[in-house]
Each structure stands twice: as structure tokens, then as C-alpha cells.
């Protein structure tokens with residue numbers, strides 16, 4: 001796509017020695033970015049940020065519902081006080097507001113500005129691009145911008161009630177699929193001395209194959225291993241092959257916490273390979289969990305949602321559960337309706 005073939009300027013060593021403004025980012029900025037993207041156990045010591053707010057010399061919003069404001073901080077590395085004035089090109093189908101429209105910065109001083117994007121006529125689920133420009137007459141600082149507007153911003157997964165943001169105005173609905181309980185399979189796998197899935201598949205040593213049927217009408221299938229459901233400190237991996245034998249998913253972390261998901265899979269018998277990459281001993285016992293989720297409401301998850309969407313507004317999707325068996329792992333989803341271009345259902349995992 002042409003909008004991704006732009007940058008902040010060609011490499012020109014002489015000009016790079018006197019860029020005018022720089023976008024500084026340090027250790028904490030990047031950790032805040034990581035925590036905003038994929039929260040981890042260490043994130044309590046940091047302040048997660050929206051990934052679009054990482055202080056870099058470009059702006060990218062991958063899923064904007066209605067409107068969004070991003071923030072940047074610049075530092076004057078010139079030899080004297082300078083006043084920079086902002087302008088932009090491109091961004092058809094959006095209004096773009098830059099605040100403040102000018103920055104006066106002493107040598108070594110920093111300033112902050114915001115850019116607010118609001119969709120007007122831009123096509124949903126398609127990228128639009130442009131460039132923000134700051135100039136003091138002697139320097140030109142270019143900031144490439146890419147935004148993808150969406151009809152709805154919703155989390156990919158949830159375990160309870162959550163908020164969504166609307167990128168359109170009109171009717172809206174949210175309906176339950178499931179919840180369905182996991183089917184479990186007890187298994188045993190030998191340690192793979194080669195630590196290589198391809199070798200194990202060829203020799204049969206260090207891999208156990210399970211045949212799992214996925215029926216017609218399945219909207220989402222999941223296969224999982226859990227550390228708590230092995231008999232030691234094992235490192236097991238998971239691979240899934242379709243009825244024709246082609247690999248359609250794989251998961252290989254440093255533990256036995258593995259997961260493979262298939263969206264709208266074709267029906268048939270799938271081959272699920274548990275690989276003993278590093279068993280805690282000669283072999284490992286494990287439990288394989290799998291779910292086949294259809295489109296039906298199982299009656300054990302009640303979904304409440306606004307009946308009307310308003311562009312830029314936030315709504316709450318309420319989830320309430322009933323009749324679940326303690327100790328059973330359940331999977332479901334919330335499907336969205338009322339407009340075209342809505343995202344895939346939000347997957348719901350519940351462990352009562």
C-alpha cells in the first residue's frame with residue numbers, strides 16, 4: 001500500500017546532524033508501551049499507554065472508533081530558540097486538529113502537542129495516510145500518519161463485562177454464543193531427545209497425536225494445554241493439522257501453557273500433536289483441552305448491550321453467567337450486529 005511507503009525523510013547525514021526537533025523516548029516509555037500492548041506481571045510498576053502514544057516520529061492508529069487523540073513530545077536540539085508551525089497533508093475523510101498549532105521552544109527545551117483525528121467520510125476498515133509537518137523556516141520535521149477507522153473497537157478476549165467504543169451511529173446488538181464446556185483428553189508423551197517437532201513427527205518419538213473432530217457449524221475452535229495440568233515442570237508444545245494434513249496452528253512457549261485457535265474451521269477430523277519438547281523426566285502426563293464453539297446461545301451467559309451506537313461514544317457489554325460447573329473451563333463469544341464492518345466476536349473464557 002502506498003501510504004506505508006512513506007517515512008520521515010531520506011537518510012541525509014548532514015541534515016541529520018541538525019534535525020531541529022527530535023522525539024525522545026527512553027526506557028520507561030518503551031516499558032509503558034509494552035505494558036499497554038501486552039500487560040505482564042511487572043506492569044504494576046509502570047503506566048501503560050495506548051500503543052499509538054509511544055513517543056516516536058510517526059503516528060499509527062490500527063483501530064480507531066470515531067475519534068482519537070494522540071500525544072507527542074518534541075525537543076529542540078537546535079542552537080537557539082525557534083518557533084515551529086504545524087500543517088498537514090493527506091488524511092482524506094478525516095478532520096485533523098493539531099494543538100497547539102505552533103510551538104516556541106528554547107534551545108534544549110521540550111514541548112508537547114496533540115493530534116486529534118475524527119472520521120467523517122473515510123471508509124471503515126481501510127487505512128488512510130498523510131503527513132504532519134513542523135517547520136521553523138530552517139528545518140522541516142515530517143511525521144508520517146496512518147489511521148484505520150473501524151465501526152467498533154472491542155477487545156479480542158474477555159472474562160467478564162467490558163467496554164466498547166463505537167465508530168458509527170445507528171442500531172447495535174450483541175448476542176451470546178455458548179458458553180460450552182471443555183472436552184478433555186488425558187495423554188502421555190515421551191521426552192523428545194532431538195527437541196525438534198519435525199524429527200518427532202518422522203520418528204514418532206516425543207510426540208503424541210490425538211484425532212479431534214470439529215463438526216460443521218463451528219465458528220471457533222480452541223486447543224489448550226495448561227501448566228497446572230501436567231505432572232511436572234514440563235515444556236510441552238502444541239501443533240494442529242487439518243484433515244488434509246496441513247499445519248493450521250502451533251504454539252511453543254517456554255512452558256506448557258499453549259493455545260491454538262481456529263476461526264470458522266472446515267469440519268472434519270483434525271490431528272492435534274502434543275510435542276514433548278522437554279519433559280520433566282522420561283515422559284510427561286498431561287490433559288488436552290478443546291472446545292468447539294458454534295453460533296447457538298447455550299443459555300448460561302446473558303449479554304446486555306446498548307441498543308443504539310453513537311459515534312465516538314463508549315458502551316458497556318455486560319456479561320452474567322449462570323449454571324456453570326465449578327472446576328470446568330468454559331468458552332463462548334459475543335457476536336456483534338447492527339452495521340456492516342463490525343469486528344469478529346469477542347472470545348469469552350470463564351473458569352468458575
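At a glance:
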read-out: Subset of region 159-179 (residues that are in a strand (DSSP E or B) and more than 24 Å from the chain's Cα centre (by Cα)); value: 170, 171
read-out: Residue identified as touching a helix residue (DSSP H, G or I) at 6+ places or on another chain (Cβ under 6 Å) and closer than 24 Å to residue 213 by Cβ among 328, 287; value: 287
read-out: Qualifying residue in region 91-104 (condition: in contact with a strand residue (DSSP E or B) (Cβ under 9 Å, 6 or more places away or on another chain), assigned to a loop (DSSP other than H, G, I, E, B), surrounded by fewer than 17 Cβ atoms within 10 Å (Cβ to Cβ) and in contact (Cβ under 8 Å) with a residue 60 or more places away in the chain); value: no
read-out: Test: residue in region 231-250 that is within 19 Å of residue 266 (Cα to Cα), without any contact (Cβ under 8 Å) to a residue 24 or more places away in the chain and in a loop (DSSP other than H, G, I, E, B); value: yes
read-out: For residue 38: the one exception among (1) under 29 Å from residue 124 (Cα atoms); (2) surrounded by fewer than 18 Cβ atoms within 10 Å (Cβ to Cβ); (3) in contact (Cβ under 8 Å) with a residue 12 or more places away in the chain; value: (3)
read-out: All positions within region 9-25 that are part of a loop (DSSP other than H, G, I, E, B) and farther than 16 Å from residue 50 by Cα; value: 9, 10, 11, 12, 17, 18, 19, 20, 23, 24
read-out: Counted residues, region 303-323 - those being part of a loop (DSSP other than H, G, I, E, B), crowded, with 16+ Cβ neighbours inside 10 Å and modelled with pLDDT of 95 or more; value: 2
read-out: Residue selected from region 118-132 under the condition in a loop (DSSP other than H, G, I, E, B) and either buried (at least 17 other Cβ atoms within 10 Å of the Cβ) or in contact (Cβ under 8 Å) with a residue 60 or more places away in the chain (or both), by the criterion nearest to the chain's Cα centre (by Cα); value: 125
read-out: Within region 71-95, tally of residues that are modelled with pLDDT under 95 and in contact with a helix residue (DSSP H, G or I) (Cβ under 7 Å, 6 or more places away or on another chain); value: 0
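The values are calculated or read from the model by the stated rules, or taken from the named source; none is laboratory data. What you see is a predicted model, and the numbers here were worked out from it, not measured in a lab. All Cβ positions, even for glycine, are placed from backbone atoms using ideal geometry, and neighbour counts span all protein chains on display.
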